[in-house]
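Input: a single structure, listed below in structure tokens.
Read-outs: derived from the displayed coordinates by stated rules, not from any lab. Quick caveat: nothing in here was measured; it's all calculated off a predicted structure. Note that we place each Cβ from the backbone using ideal geometry, even for glycine, and neighbour counts take in every protein chain shown.
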Amino acid sequence: MSTDEFPTDRPAVVTCGLPYANGDLHIGHLRGYIGADAFNRSLETLGQETAYVCGSDMHGTPVAVNAEQEGVDPADFALDWHRQYEETFPKFNVDFDNYGHTHDETNTELTQEIVRTLDEAGHIYEKEIQVAYDPDADQYLPDRYVVGTCPYCGEKARGDECDEGCQRHLEPGEVENPESTITGNPAEYRQRAHKFFEVSAFTDYLTEFLDGLEGTSNARNQPRQWIEDGLQDWCITRDMDWGIDYPNGADSDGDDLVLYVWVDAPIEYIASTKQYSERVGTDEYDWERVWKDDGDIVHVIGRDIIQHHAIFWPAMLEGAGYNAPRGIAATGFITINGKGLSTSRNRAIWAKEYLDEGFHPDLLRYYLTTTGGLQQDVDFSWEAFQEKVNGELVGTVGNFWYRSLLFAYRNYEGTPEADVSEEVHERIEGAIGETREAVNDYDLRGVGHAATRLAQFGNEYIQGNEPWKLTDEEPERAAQVIRDCVQLAKAVGVLLEPITPDKSQLLWEQIGEDGEVADAHLEDALEAPPRTFDEPGELFEKIEDERVEELTRKLEERVEAAADDEDESDEGETETDDTDADESGDMTDTGDLEPLLEDRIGFEDFQELDIRVGRIESAEGIEGADDLAKLEVDIGFETRQVVAGIKQLHDLDELPGTNCVLLANMEPAELFGVESNGMILAAGEEADLLTTHGDAEIGEKIK
RNA sequence: AGCGGGAUGGGAUAGCCAGGAGAUUCCGGCGGGCUCAUAACCCGCAGACCGGUAGUUCAAAUCUACCUCCCGCUACCA
């Protein structure tokens with residue numbers, strides 16, 4: 001890793017996060033792939049030797065589970081998606097030098113080799129852990145093969161994360177009351193030896209690594225917290241068939257342990273590079289130099305997988321003797337009309353949908369790369385899309401291209417014979433400099449802006465010089481001005497190519513250039529265009545208002561339809577989740593109330609709640625906690641210590657002596673290191689404390 | 001609560017990392033020009049005490065400290 005500026009004299013590789021092979025691509029995915037593609041093209045334009053590689057992520061339990069539900073082989077299931085992705089990317093001008101998948105031979109071999117190396121270097125050890133096991137199906141239950149209760153919040157949780165409750169990541173063996181998703185039977189926990197990668201041993205290395213890391217600041221800063229909290233070693237094996245086998249050798253107890261999906265997934269970056277290298281020859285591009293020696297490695301990822309790329313991955317690379325990434329650009333998320341993108345609610349713009357609407361890919365590329373920086377969350381709405389396209393691409397860039405070339409064609413049948421003026425030459429050089437700087441700052445928006453502003457200058461220039469008035473009186477002067485404009489048009493084309501490759505190519509052809517604008521370098525923006533060219537056409541088309549209204553309406557209807565399908569979606573937030581509950585209610589009062597639960601329970605269920613009258617004996621705040629208070633509550637038989645979230649809402653000094661209502665047979669829990677043995681009942685956000693108003697005795701049961 | 005990311009003219013955004021004449025670009029508003037061009041393009045005007053407070057400095061949107069509010073992740077919503 002080195003930090004001299006792009007272009008360097010070393011080969012580079014750009015990657016983007018692997019698409020997971022179990023669903024349709026949407027605009028959120030595209031942002032990453034287009035961003036990485038535009039960055040890679042930018043590097044090429046700078047003259048950097050580089051490759052852009054990626055592949056489909058095929059393994060893991062979600063694929064296995066979904067495949068099983070459909071009754072197909074996981075490999076076939078994943079391959080279907082893989083092929084679909086492979087077909088989709090070119091349609092957005094996302095031009096991978098190689099696109100593989102994690103289940104192919106290259107990745108399998110390389111993954112096993114790397115794991116073996118880590119093992120031999122002593123970075124992997126074996127540890128016995130509790131793993132859920134289904135006795136009927138006679139198999140272990142990794143990750144999403146098991147559901148149960150979250151040990152932290154008590155909500156229903158999946159084996160690998162508490163998806164409905166506290167969102168916590170769960171390590172194997174943590175879920176309580178495990179149930180098998182295969183048979184629905186209760187699962188049992190069994191002791192089981194698994195492999196662990198000692199991430200913790202790389203703490204110092206990673207700290208230093210992050211200091212030198214380029215890219216977006218979130219990729220550099222967020223991991224520091226995890227390091228400070230202390231890195232946990234990482235369980236890298238799973239009990240299942242679908243995946244890459246743990247390489248035998250070190251220890252073979254004949255088990256079918258498979259590597260955790262997050263081990264082989266990033267290795268696909270290397271494997272895919274290797275495939276590219278093997279295809280074009282190592283003279284052309286040497287993957288080993290890139291990955292093992294001194295190449296410049298840049299990862300473009302979503303900000304949700306920073307941990308894997310800034311902690312686990314560099315630790316693996318270092319441990320296995322590979323080169324460290326130079327930069328990690330972690331992109332923000334996409335929101336739709338200001339709200340979070342949600343595939344289940346169908347609030348998304350799908351890749352296929354965008355294309356079916358007949359929009360040119362370059363428009364979306366331009367929107368996604370120049371609206372906000374790489375790191376920022378970007379909102380998408382059809383209105384904003386229209387504004388950007390009509391204002392910048394049609395009005396500024398397209399119009400300048402067309403008016404310049406058309407004028408040149410009509411009066412000179414091409415580029416007039418004159419030299420480019422000093423002023424224009426310098427202006428183009430300035431834009432080239434801005435572009436180079438933007439690329440080195442991982443600033444795609446800056447790349448786009450340098451080009452757009454040059455087109456803007458072009459419009460000012462042609463307007464200010466009014467060549468249409470000069471053709472008769474001062475023909476030489478007119479030729480001079482148009483010569484400048486054609487040069488500017490060409491320069492804008494070259495500079496904008498990373499973002500609008502197809503449109504730039506068309507421009508390139510319109511001015512009579514041969515070959516590919518993609519092969520042009522920044523300096524070519526100053527090279528004279530061919531003497532003659534044909535009549536130009538308009539390269540960007542306006543999006544009409546009616547079109548936008550229609551698209552917006554379609555989107556809204558879709559979201560509503562999805563909301564109706566899902567009988568109930570839990571979190572309401574500020575949304576108008578108007579299913580049926582609030583039809584009657586006016587916004588004044590019922591608006592904020594939680595909806596009534598539909599499910600009724602029997603008297604027996606109620607009787608299981610042992611609710612008692614208690615009297616608060618003492619109350620004190622818990623150190624470091626904002627809301628929690630430690631209470632001693634007398635419930636007749638005994639005095640209970642209870643933790644309650646009421647510290648800020650009550651004057652603690654006044655609580656002692658107050659009667660309260662306590663759920664006595666609540667499971668004990670530890671909160672903030674303090675044991676809580678019961679639950680005080682209170683209403684709402686304000687924690688309005690429930691109490692008695694008659695002469696109920698302490699300890700009396702409430703029924 | 002911790003950690004990240006934000007708070008800049010009506011809306012959306014840049015600048016801050018490498019502090020220096022009261023600040024970018026786009027949309028919108030108002031007025032004008034032009035007609036080569038996709039009713040496009042060009043020019044001008046109105047409009048911001050750069051979230052708050054206190055510091056550092058000759059000088060701060062830009063650095064420091066504290067605070068408020070928003071977003072995300074993580075969490076103590078027992």
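Here are the numbers:
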{"item": "Beta bridges per DSSP with both ends in chain A, % antiparallel, nearest 5", "result": "70 percent"}
{"item": "Förster radius 41 Å - calculated FRET efficiency between residue A:185 and residue A:663, Cβ distance, rounded to 0.05", "result": "0.85"}
{"item": "Relative frequency of Cα-Cα separations exceeding 38 Å in chain A, percent", "result": "50 percent"}
{"item": "Under Karplus coefficients 6.51, -1.76 and 1.60, residue-wise ³J(HN,Hα) of region A:225-231 in Hz, glycine/proline x", "result": "4, 4, 5, 5, 5, x, 6"}
{"item": "Neighbour net charge for residue A:478 - beta-carbon separation under 15 angstrom, K R +1, D E -1", "result": "-4"}
{"item": "Per-residue ³J(HN,Hα) for region A:447-464, Karplus 6.51 cos²θ - 1.76 cosθ + 1.60, θ = phi - 60°, Hz, x for Gly and Pro", "result": "4, x, 5, 4, 6, 4, 6, 5, 5, 4, 4, x, 4, 5, 5, 5, 5, x"}
{"item": "Net length gained if the chain between residue A:86 and residue A:473 were fully extended (0.36 nm per residue, minus Cα distance)", "result": "133.6 nm"}
{"item": "Peptides A:314-326, A:462-474 ordered by average Cβ neighbours within 10 Å, highest first", "result": "A:314-326, A:462-474"}
{"item": "Farthest positive-ward along chain A dipole, Cα basis, beta-carbon charges - from A:348, A:210, A:636", "result": "A:210"}
{"item": "For chain A, size of Cβ-based charge dipole, Lys and Arg +1, Asp and Glu -1, in debye", "result": "1640 debye"}
{"item": "Where only C-alpha atoms are counted, convex hull volume of region A:384-526 per residue in Å³", "result": "102 Å³"}
{"item": "Backbone HN-Hα couplings from phi across region A:482-488 [Karplus 6.51/-1.76/1.60, Hz, Gly and Pro as x]", "result": "5, 4, 4, 5, 4, 4, 5"}
{"item": "Furthest towards positive pole of dipole, A:324, A:548, A:376, structure part chain A, Cβ charges", "result": "A:324"}
{"item": "Around residue A:183: net Lys/Arg minus Asp/Glu count, Cβ-Cβ under 10 Å", "result": "-3"}
{"item": "Three-way shape call for region A:188-335 based on the alpha-carbon gyration tensor, with the a/c threshold at 1.5", "result": "oblate"}
